[in-house]
1. When you look at VAL79, is it in a loop (DSSP other than H, G, I, E, B), of a type in the set (Val, Ile, Thr), over 16 Å from the mean Cα position of the chain (by Cα) and modelled with pLDDT under 80, yes or no?
2. Which of the residues spanning the stretch 19-56 are surrounded by 10 or more Cβ atoms within 10 Å (Cβ to Cβ), under 30 Å from ASP7 (Cα atoms) and modelled with pLDDT of 85 or more?
3. Contact list please: Cβ distance under 6 Å, first residue in the stretch 1-30 and farther than 17 Å from ARG61 by Cβ, second residue open to solvent by less than 40 Å² (accessible area, probe 1.4 Å), pairs at least six apart or on different chains.
4. If ILE60 satisfies every condition in (1) surrounded by fewer than 13 Cβ atoms within 10 Å (Cβ to Cβ); (2) at pLDDT 85 or above but one, which is the exception?
5. State the number of residues belonging to the stretch 17-43 that are hydrophobic (A, V, I, L, M, F, W, C) and assigned to a loop (DSSP other than H, G, I, E, B).
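The values are calculated or read from the model by the stated rules, or taken from the named source; none is laboratory data. Only a predicted model underlies this, so the values are computations on that prediction, with no experimental measurement involved. Neighbour counts run over all protein chains shown; Cβ positions are idealised from the backbone, glycine included. For accessibility, only protein heavy atoms count, side chains too; no ligands or nucleic acids. Shrake-Rupley method; radii C 1.70, N 1.55, O 1.52, S 1.80 Å.
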Amino acid sequence: MACRQADARLVHFSTDYVFDGLAGRAYTEDDVPRPLGAYAVSKARRRIVRAGILDNPLIIRTSGVYGPGGLDTARGNFVS
């Protein structure tokens, strides 16, 4: 609501973990999320960004997690 009042664009950083990775192609903003873990489910629940309240929100879904913690996962991170 604050973005609408200020005529500002919302930029929301999220993760590609909301997708199951089985599409075999790059995902688009129209793809239905299929989260596989608790973290991904929590990110997918932030549907308010896409609920039509804002005219032009920008959702940036990163394809990795930053920092050393990502070294312990199968997907790694941007740093490594």
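1. Values: in a loop (DSSP other than H, G, I, E, B): yes; of a type in the set (Val, Ile, Thr): yes; over 16 Å from the mean Cα position of the chain (by Cα): yes; modelled with pLDDT under 80: yes.
Judged against the criteria, VAL79 is a match.
2. ASP31, PRO33
3. CYS3/LEU54
4. Status for ILE60: all satisfied but (2).
5. The total comes to 6.
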